[in-house]
Amino acid sequence: MGFAKSFSQVYWGVLFCLPFGFSYTALRFSTLTIALGALLALYGLMREAGAGSRTALFGVLVLAFNPLFFVLSFTFMTDVPFLGLTLVAMYLLVRSMRRQSKIELVLGLLAATAALLTRQTGLALFFALSLGYLVKDGLAKRNVMRVAGPTLLGLGVQFSYQTWLRTTGRMPALFGKPALAALDVGSLSMLTAMRHEAKGVFFALMYVGLFILPLLLFFGCRRWRAMWRQQRWIAILTSVLLLMVFAALPRPRLMPLLGNVLYDFGLGPLTLRHDLIPLPSAGPVFWSVVTVIGLLAAALVLQILISAVLQLVGTRGKHQELLLMLVATGVIYFIPLPLVPTMFDRYYLLLVPLATVALYLICSPGNAPSRQWTALGVLCLLTYGAFTIAGTHDYLAWQRTRWQVLRELTVARHIPPEQIDGGYEFNCTYTYPGQMPAVGDDLLITFGPVPGYAEAERDTFRRWLPPGEGTIFVLRKIPGAPTVPRAGNDE
């Protein structure tokens, strides 16, 4: 199923397994390599936007120390490969539009195709490129193929791939289901769809605002005061709308608003059961402060987006192609997300580098950051980096402990894997022929107690984040107790 869902990523991983054979370490290095490519591509985009080397490097570090990006770079999930391929494609395509370079156009389309074959949302790049050519060259008869070509290519690749999966019997049961659910707007009332979109916009602004907060501080308040004078009523209206959406959210309304990677005080994804154990918590006071900061950052990000749209509509700036590609890709990518049945925080990761470059384009003209604001931005970045590195250490620590326990059970004690629920990755490795069965297991590997199971043993690991120690439990099923579902899919 993983092969069908992320064709490009599988073959990329194969390249790293060729020298020494298959291993999870080889797959981890494959993602770390493409993460480095993402950072280099972002640096190139910042330079294309006119940023100096220091400012470009700071923008790259904001992405590098992003908790979602950093921890997912140590996994074989599709988020970082998709992000890396998208940024490389955008860098090449923007350069091709500016320099009329056919080589960079071909290479950019190849990278965009690889992104599309990693995730279907890669279609956003093809649509954005068509829109860029439409704005740049117009819809004259001689430009029709240039304008329509990228969109037709993207749709053709996606249709051909799905046809190949179907005819060869490789089509997974869940392939394309989230996309189809997002497109099935007819099943929703107009009011419900608008509520989903408003909530999704609010969540995206909150997460993106917090993730690029070091950059918002780095550029200082001089530019924000200028934007306030120029767009005072727009700023007031948008801030009021944000507060109204926030007030309409069901409780609890504190960050983190979505689950999966960033939980209360750590990084995941947590793919082991933790039914009755409270996860490490920073407390409501801490998250209340983070939420207030997120609201302020969200208002600034919304102002930047509005300024970008006004600049695209009203002027023909030097970096028009780049700004248009950034805004169009982000908007087209985002629109279906709020309608997806299960929304995860990592789906917003692509918006972070797009917002980083757009922020520079909107805030940099005539704005020399003061030393005080620059120092504050650097301090914020170092704080993010400390949390990110510590959280990633803890994630790798419990994963390492989990696999040590599983090797002891399956290799040393010769317990069949089919009798163990070892978490999503273990279950997929040994008992995932097509779709995960919901059956009971004799042994569970968990973070805490589970009803119907008694503790057999426990192993501890060191956490760098509070409380300083974590525990992996081995639970044995109590005879006669009801079964529980296996650990499910986080994709």
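The numbers here are math on the coordinates, done by the rules we state, and not lab data. Note that this is a predicted model, so its numbers are computed, not measured. Please note: Cβ atoms are built from the backbone with ideal geometry, for glycine as well, and neighbour counts cover all protein chains shown.
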Cα-based Rg (one decimal) and Dmax (whole number) for the stretch 322-392, in Å? 15.8, 45
How high is the FRET efficiency between residue 22 and residue 281 when r is their beta carbon distance and R₀ equals 41 Å, given to the nearest 0.05? 0.60
Ranked list, fewest to most other Cβ atoms within 10 Å of each Cβ, for 304, 415: 415, 304
Please report the antiparallel percentage of DSSP beta bridges with both residues in the chain, rounded to the nearest 5. 85 percent
List 374, 25 from most exposed to least, where exposure is judged by having the fewest other Cβ atoms within 10 Å. 25, 374
Suppose each label sits 7 Å from its Cα in the direction of the beta carbon; what would the residue 47-residue 457 distance come out to in nanometres? 5.4 nm
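Stick to the Cα atoms of the chain, pair each with every other, and give me the Kirkwood hydrodynamic radius in Å at one decimal. Could the numbers behind the result be given before it?
Details: mean 1/r = 0.0413 Å⁻¹.
Answer for the chain: a Kirkwood hydrodynamic radius of 24.2 Å.
Which value, in debye to the nearest 20, describes the size of the charge dipole of the chain about its Cα centre when Lys and Arg Cβ atoms bear +1, Asp and Glu Cβ atoms bear -1, and nothing else is charged? The partial results should precede the final answer.
On the way: 40 positive and 23 negative charges, 374 e Å.
Once rounded to the nearest 20, the dipole reads 1800 debye.
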Charge dipole (the chain, unit charges on Cβ, about Cα centre) - positive-most of 196, 452, 415: 196
Cα-based count: Lys pairs in the chain below 23 Å, eight or more positions apart or different chains? 6
What residues qualify as long-range amide H neighbours of residue 272, i.e. H under 5 Å apart, gap of 5 or more or another chain, H built at 1.01 Å from N? none
How high is the relative contact order of the stretch 2-393, in percent, counting Cα pairs under 8 Å that sit 6 or more residues apart? 25 percent
When 382, 45, 61 are arranged by how many other beta-carbons sit within 10 Å of their Cβ, fewest first, they go 382, 61, 45
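I need the helices of the chain that pass two filters: whole DSSP H segments spanning 18 Å or more by Cα along the axis, and mean Kyte-Doolittle score no lower than 1.0. Numbers along the way, then the final one.
On the way: long enough: 24-48 (36 Å, 0.97); 79-99 (30 Å, 0.87); 102-116 (21 Å, 1.76); 123-137 (21 Å, 1.50); 144-167 (33 Å, 0.43); 190-211 (31 Å, 0.97); 232-248 (24 Å, 2.11); 284-314 (44 Å, 2.16); 320-334 (21 Å, 1.68); 371-407 (53 Å, 0.08).
Taking the DSSP H segments of the chain (at least 18 Å long, mean hydropathy at least 1.0), we get 102-116, 123-137, 232-248, 284-314, 320-334.
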